[in-house]
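The values are calculated or read from the model by the stated rules, or taken from the named source; none is laboratory data. All values reported here derive from a predicted model rather than from experimental measurement. Because the Cβ atoms are built from the backbone with ideal geometry, glycine has one as well, and the counts that use them run over all protein chains shown. These area figures cover heavy atoms from the full protein model, side chains too; ligands, DNA and RNA do not enter into them. Shrake-Rupley method; radii C 1.70, N 1.55, O 1.52, S 1.80 Å.
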Amino acid sequence: MQVTIKTPEEIEKMRVAGRLAAEVLEMIGEYIKPGVSTEELDRICHDYIVNVQKAIPAPLNYKGFPKSICTSVNHVICHGIPSEKKILKDGDIMNIDVTVIKDEYHGDTSKMFIVGKPKPGTERLIQITQECLYKGIELVKPGARLGDIGHVIQRHAEKHRYSVVRDYCGHGIGKVFHEEPQVMHYGKPGTGFELQEGMTFTIEPMINQGKYQTKLLPDGWTVVTKDHKLSAQWEHTLLVTADGCDVLTKRTEESF
Ligand code: MF3
Ligand code: CO
Ligand code: CO
C-alpha cells in the first residue's frame, strides 16, 4: 500500500484546492430549486471552476465520466450524472459532489441539499449522515486507525436504524484523485491503517434509509439503492496534523 505523506509545499496546494472545492458548494446553493435541471447546475459549477477559479473540474472525463460534478438525487447513492432530463422537484434530496484540481492537487467535498419543502424523514437522514461524517472527523489524529473511524460511523448510522453502504468508500487524495488508503465507513476499533501526520484523505459516508445493497445502472456510473429507498452522503477532504486534523474543504457555515 503506497500511502503518500505530503510535504509542506504539497499541503499548501491541498489547502488551496480544498478551499476552492468548498467555495463551489457555497456558490451553488442559491440555484437549487424546483424546476432546475441537474445539467444546469453542472453548467454553473463548470463555468465557475474554469472561468472564476481557473481550476479543473476533476470528474470531467475521469475514467469517461461525462460531466463536471456528480448530482445524486433521492435513491441515487453516488456518481449521479447531471442531465437536462433530470428536473428537480419539491421535496427531492440531492448530493452535489465537487472535486477540483488546482496546481495539480485535488480537493474533494460533497453536501446534501433539500429542494423546496422537505418530505417527512428526509431531514433526519441528512442530519444523521452529517453527524456520521463529523464523528469520523473527530477521531482523526496521528495514531488513530481507520477501523476506529469506520466503527464510529457505522455505530451512529445503525443506532438510528440506517445502513452503511459497503461498496464505495473514502480515499487518500493528492496529486492522484483516488489513492491509498481506502477509507471504509464501517469497521472494528483498533484495526486497519494507522494514521500519520501529513496524510490527506476523504471521509464520505453514504447512509441508506433501507438496506445497504447497491445497484449500478446501465450508464456505468449511477449507483442506486437496490430497494430504491433514500440515501444521503457528505464528504470532506482532511489533513492529519500533529494533534488532530484540518478540514481542508470546510465551508464558512461549519465550525471545526
Ligand atoms: N467525487 C467522488 C468521490 O468522492 C468521485 C467521483 S468520480 C466521477 O470520490 F467520475 F464520478 F466523478
Ligand atoms: Co471522494
Ligand atoms: Co467526492
Looking only at segment 107-136, which residues are open to solvent by 10 Å² or more (accessible area, probe 1.4 Å) and in contact with a Lys or Arg (Cβ under 8 Å, 6 or more places away or on another chain)?
K111, G116
Which members of segment 217-248 meet the condition of being within 16 Å of ligand 3 (Cβ to nearest atom) and in a loop (DSSP other than H, G, I, E, B)?
W221, T222, W234, L248
Give me the residue from segment 82-105 that is among the β-branched types (V, I, T) and either open to solvent by 20 Å² or more (accessible area, probe 1.4 Å) or free of Cβ contacts under 8 Å to residues at least 60 places away in the same chain (or both) and, out of that set, nearest to ligand 2 (Cβ to nearest atom).
I101
Condition first: open to solvent by less than 60 Å² (accessible area, probe 1.4 Å), within 17 Å of V73 (Cα to Cα) and part of a loop (DSSP other than H, G, I, E, B). Now tell me which residues in segment 7-63 satisfy that.
I32, G35, V36
G107 out of contact with any strand residue (DSSP E or B) (no Cβ under 6 Å at 6 or more places or on another chain) and among the small types (G, A, S)
no
Considering each residue of segment 138-185, count those that are surrounded by fewer than 18 Cβ atoms within 10 Å (Cβ to Cβ) and closer than 16 Å to V247 by Cβ, and give that number.
2
From G198, G170, G187, grab the single residue that is within 25 Å of A21 (Cα to Cα), of a type in the set (G, A, S) and touching a His at 6+ places or on another chain (Cβ under 8 Å).
G170
Pairs, please: C-beta under 7 Å, at least 6 apart or cross-chain, first residue within 15 Å of K117 (Cα to Cα) and in segment 30-42, second among the basic types (K, R) and part of a loop (DSSP other than H, G, I, E, B)?
P34/K89
Take the residues in segment 99-127 that are in a helix (DSSP H, G or I) and under 15 Å from the mean Cα position of the chain (by Cα); name whichever of them is farthest from ligand 3 (Cβ to nearest atom).
Q127
Filter segment 141-175 down to the residues that are touching a helix residue (DSSP H, G or I) at 6+ places or on another chain (Cβ under 9 Å) and in contact (Cβ under 8 Å) with a residue 60 or more places away in the chain, then identify the one that is nearest to P205 (Cα to Cα).
G170
Candidate set from segment 199-216 (those that are away from ligand 3 (no atom under 16 Å from the Cβ), assigned to a loop (DSSP other than H, G, I, E, B) and not small (G, A, S)); member that is least open to solvent (accessible area, probe 1.4 Å):
M199
